[in-house]
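Presented below is the structure to which this report refers.
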Amino acid sequence: MTALKGIRVLDFGRYVAGPYCATLLGDFGADVIRVDRLGGSEDRWIAPVTDDNQGALFLQINRNKRSLTLDTRKEKGQEILRKLISEADVVVSNVPTSALAGMGIDYASLTAIKPDIILANVSSFGPRGPWADFPGFDSVGQAMCGSAYLSGAGDQPYRTPITWVDHAAALYTAFGVMAALRERDQSGRGQQVDASLLGSGLAFSSTFLIEQALVQPNRTAIGNRSFLNGPTDTFRTRDGWVVTQVVGDPIFRRWSRLMGEEHWLADPRFASDELRGENGAVLSERMAKWCAERTSDEALEQLSAGGIPAGPVLSPQEAVDHPQVKAMEFMVPTTVPGLDQPAPLMRVPLDMSETPPTIRTAPPRVGEHNHEILAELGYSAEDISALEADRII
């Protein structure tokens, strides 16, 4: 069974936030049509891995979709767009709100064609305010939510190469679409769903923002230690690195016994998580000495036996090869044209007993489904050939 069977989504998104929102809907069974530029949109080619240079980002973010190339600047392209909208349930994009009208997919234009349609748009900074029309990417979101400022050793702000702000925005948007579909089932009304990179980054960083607003601790970066507990840090072993996160008195008691430092349980410097965060350098120094005497496997075995949350610091290859990743089948081998081996695409990391998300089809080639989609809209083979000749599709 598929939860969103019968729902059609038009995906005008590029890069991560918009396309991944549409991908999530497709994984749950929606029919997702990616509206591509003629020749392919720019996000196809990031981190190229196929023989025609399609990128790893595109493979992950665009499975379970069909591709229609369309030049909407021409009248015949606008006619096709109107027909697509008339049969769609959801339109997904990620542009400044003011740009939607120029694309012909602002909410007023959409509802004039399909009154109960749902528009989901991810902008950089939201639909209101002085920055509403500014462009931005994931790194800007990381920088403006406080994350980059609090990362690193304090010498300079650090961003992570993992696009967590983009992915967070996609998740919020997909959640909003699901709620909007539920509302439409009950009321018959569509609606506009607006998400932003800035808002998503702020939501994920909110603990430190609320703390700052209320008590002004004015935190600055402290490397891999935690502000709020300890010993939480990364530690070098004889053959690699491990990470621990010691939160709460019960875990700290177990850690202290494992270290042979039970007297620290009565030490006022470590009487609470907050104090252990403030005095974390002492705890990390002790843990570093303990780890340096062991291999990563030895350290993790003893930490696990002691009930202390810990894990190895893995390279991308080690993450792909890790036995727990394989046991959970997080990465689904998927046949992709242009590759001589299956691509390990990351499934939605949810297990559901009745309507599990699935990867059914590989990401589409540019315009792969032009004929199929246009035929569904009532165009004849001759019509489609003429549209190709005129560079409409």
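Which one is nearest to residue 387 (Cα to Cα) among residues in region 349-368 that are in contact with an Asp or Glu (Cβ under 8 Å, 6 or more places away or on another chain) and of a type in the set (A, V, I, L, M)?
Of everything passing the filter in region 349-368, 366 is nearest to residue 387 (Cα to Cα).
For region 265-281, name all the residues that are under 36 Å from the mean Cα position of the chain (by Cα) and either assigned to a helix (DSSP H, G or I) or of a type in the set (Ser, Thr, Tyr) (or both).
Within region 265-281, 272, 273, 274, 275, 276, 277, 278, 280, 281 qualify.
Residue check, residue 73 against (1) at pLDDT 95 or above; (2) among the basic types (Lys, Arg); (3) surrounded by fewer than 24 Cβ atoms within 10 Å (Cβ to Cβ), all met but one. Which one?
Of everything listed in (1) at pLDDT 95 or above; (2) among the basic types (Lys, Arg); (3) surrounded by fewer than 24 Cβ atoms within 10 Å (Cβ to Cβ), residue 73 misses just condition (1).
Given the criteria closer than 22 Å to residue 100 by Cα, assigned by TED's automatic domain parsing to the domain that holds residue 19 and surrounded by 14 or more Cβ atoms within 10 Å (Cβ to Cβ), does residue 164 qualify? Even if it seems obvious, please write down each step before you answer.
Details: closer than 22 Å to residue 100 by Cα: no; assigned by TED's automatic domain parsing to the domain that holds residue 19: yes; surrounded by 14 or more Cβ atoms within 10 Å (Cβ to Cβ): yes.
No: the conditions fail for residue 164.
Which residues, counting only those in region 143-186, are in contact with a strand residue (DSSP E or B) (Cβ under 6 Å, 6 or more places away or on another chain), touching a residue at least 60 places away in the same chain (Cβ under 8 Å) and under 16 Å from residue 17 (Cα atoms)?
169, 173, 177
Could you please give the count of residues in region 354-375 that are crowded, with 16+ Cβ neighbours inside 10 Å and part of a helix (DSSP H, G or I)?
Residues in region 354-375 being crowded, with 16+ Cβ neighbours inside 10 Å and part of a helix (DSSP H, G or I): 4 in total.
Of the conditions (1) touching a Leu at 6+ places or on another chain (Cβ under 9 Å); (2) buried (at least 19 other Cβ atoms within 10 Å of the Cβ), residue 111 satisfies every one except a single condition; which number is it?
(2)
Pick from region 47-80 the residues that are under 15 Å from residue 364 (Cα atoms) and of a type in the set (D, E, K, R): which of them is nearest to the chain's Cα centre (by Cα)?
Step by step, filter region 47-80, then rank; the result is 63.
Which residues, taken from region 23-59, are on the phi < 0 side of the Ramachandran plot, of a type in the set (A, V, I, L, M, F, W, C), assigned to a loop (DSSP other than H, G, I, E, B) and surrounded by fewer than 20 Cβ atoms within 10 Å (Cβ to Cβ)?
Selection gives 38, 46, 49.
Would you point out which residue out of 219, 236, 253, 257 is within 18 Å of residue 306 (Cα to Cα), of a type outside the set (A, V, I, L, M) and touching a helix residue (DSSP H, G or I) at 6+ places or on another chain (Cβ under 7 Å)? Before you say what the answer is, go through the steps one by one.
Numbers: 219 fails: within 18 Å of residue 306 (Cα to Cα); 236 fails: within 18 Å of residue 306 (Cα to Cα); 257 fails: touching a helix residue (DSSP H, G or I) at 6+ places or on another chain (Cβ under 7 Å).
The match here is 253.
Against the conditions (1) in a loop (DSSP other than H, G, I, E, B); (2) within 23 Å of residue 21 (Cβ to Cβ), where does residue 66 fall short? Just the number, please.
(1)
Looking at (1) surrounded by 14 or more Cβ atoms within 10 Å (Cβ to Cβ); (2) more than 17 Å from residue 31 (Cβ to Cβ), which one does residue 351 not meet, given that it meets all the others?
Failing condition for residue 351: (1).
From the list 382, 388, pick out the single residue that is among the acidic types (Asp, Glu) and either under 24 Å from residue 59 (Cα atoms) or loosely packed, with under 12 Cβ neighbours inside 10 Å (or both).
Unique residue meeting the criteria: 382.
Kindly establish whether residue 241 is surrounded by fewer than 19 Cβ atoms within 10 Å (Cβ to Cβ) and of a type in the set (Phe, Trp, Tyr).
Answer is yes for this residue.
Among the residues of region 152-166, are any touching a helix residue (DSSP H, G or I) at 6+ places or on another chain (Cβ under 6 Å) and among the aliphatic types (A, V, I, L, M)?
yes
Residue under question is residue 310, and the condition is that it be farther than 27 Å from residue 208 by Cα, modelled with pLDDT of 95 or more and among the hydrophobic types (A, V, I, L, M, F, W, C); does it hold?
No; evaluated as a whole, the condition is false for this residue.
Within region 315-367, track down each residue that is over 20 Å from the mean Cα position of the chain (by Cα), of a type in the set (A, V, I, L, M) and more than 13 Å from residue 59 (Cβ to Cβ).
327, 366
The values are calculated or read from the model by the stated rules, or taken from the named source; none is laboratory data. Everything quoted here is computed from the prediction, not taken from an experiment. Cβ: placed from backbone, ideal geometry, glycine included. Neighbour counts: every protein chain shown.
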